[in-house]
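Engineer: Mind having a look at this structure? Questions to follow.
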Amino acid sequence: QDPASVSEVPYILFVLQAEEFCDLINSGSFWDHVHLVQDRYPTFTVCFVTNKLMNYINKCERAQYRNAPNFNSWKRPPVEEVLCKLATHHVKVHSRQCADEAEVADHIVGLTSSLANCRFRKPLSWLSVHANGAVIPKNFIDKDLAKKDTWMKALIAIPKVQPRFALAIWKKYSTMRSLLKVYMDSTKTVREKELLLQDLKCEDRVGDESRRLGPVCSRRVYRTLMAEDGAVEADAAAE
């Protein structure tokens with residue numbers, strides 16, 4: 001594997017059996033352990049996972065209640081107080097209580113997967129953010145399509161691109177890739193690309209495809225999608 005493709009995630013996970021966790025608390029060494037880890041790895045996030053904690057405590061309490069000889073000296077640790085203090089008094093320190101080994105394994109696998117996905121998740125763009133908040137008119141015919149299709153939502157998110165204009169573009173270019181492929185065609189001039197969509201027909205209010213998108217809308221879509229600065233406002237890109 002290429003070392004350049006490997007990304008380290010500063011995360012430390014401690015898996016403690018219930019008896020071990022309780023012994024650390026009762027002996028007063030748990031907080032020393034937390035501070036030692038934070039001092040040694042100040043930039044890391046730390047998580048303490050306990051296995052069968054409450055089951056172990058309940059078992060010890062029942063045995064103590066029955067006056068079992070092996071449990072006469074057992075003292076219930078203030079686990080609730082410790083777990084709350086972890087969350088309220090420490091930065092980047094978490095805890096997780098698991099009922100059994102299967103839940104521990106599931107948590108570790110899920111945590112590993114989540115950290116990997118989060119690390120390489122594509123950054124949000126202006127278009128992707130605004131697409132989720134695009135306003136769709138109540139009388140729009142293909143309302144379900146506008147809600148479910150990401151490409152359609154992205155088109156509607158472009159200011160001054162009406163849903164019926166977006167639908168006309170979507171019918172011709174059903175994916176962003178198909179439209180960008182034309183926009184990236186080196187044999188076409190910039191002007192040809194800007195006016196690529198102007199002759200597409202969109203439905204009017206009575207359902208007749210009698211209106212063209214026009215050069216203004218066509219140019220706006222091209223300049224928004226092909227803007228070199230991803231943070232530029234749509235109106236500025238269309239100028």
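The values are calculated or read from the model by the stated rules, or taken from the named source; none is laboratory data. Quick caveat: nothing in here was measured; it's all calculated off a predicted structure. Positions of Cβ are backbone-derived with ideal geometry, glycine not excepted, and every protein chain shown enters the neighbour counts.
Engineer: Step by step: first the residues of the range 175-195, then only those that are touching a helix residue (DSSP H, G or I) at 6+ places or on another chain (Cβ under 6 Å) and at pLDDT 90 or above, then the one that is nearest to D149 (Cα to Cα). Which residue is that?
Structural biologist: Filtering first and then ranking leaves Y183.
Engineer: Still on this structure: If you go through the range 16-47 one residue at a time, how many are closer than 15 Å to E103 by Cβ and either part of a helix (DSSP H, G or I) or touching a residue at least 40 places away in the same chain (Cβ under 8 Å) (or both)?
Structural biologist: Selection size over the range 16-47: 2.
Engineer: List the pairs whose first member sits in the range 77-104 and is of a type in the set (S, T, Y), whose second member is exposed (fewer than 15 other Cβ atoms within 10 Å of the Cβ), and whose Cβ atoms are under 9 Å apart, counting only residues at least 6 apart or on separate chains?
Structural biologist: Close Cβ pairs satisfying both conditions: S95/A87.
Engineer: Only one of (1) loosely packed, with under 12 Cβ neighbours inside 10 Å; (2) closer than 30 Å to N26 by Cα; (3) modelled with pLDDT of 85 or more fails for V79. Which number is that?
Structural biologist: Among (1) loosely packed, with under 12 Cβ neighbours inside 10 Å; (2) closer than 30 Å to N26 by Cα; (3) modelled with pLDDT of 85 or more, V79 violates only (1).
Engineer: Which of the residues that make up the range 172-195 are of a type in the set (D, E, K, R), touching a residue at least 12 places away in the same chain (Cβ under 8 Å) and more than 15 Å from Y222 (Cβ to Cβ)? Walk me through how you get there before you give the answer.
Structural biologist: Quick first cut of the range 172-195, residues of a type in the set (D, E, K, R) only: 172, 177, 181, 185, 188, 191-194.
Filter once more, keeping what is touching a residue at least 12 places away in the same chain (Cβ under 8 Å): 172, 193-194.
None - no residue of the range 172-195 is of a type in the set (D, E, K, R), touching a residue at least 12 places away in the same chain (Cβ under 8 Å) and more than 15 Å from Y222 (Cβ to Cβ), so the list stays empty.
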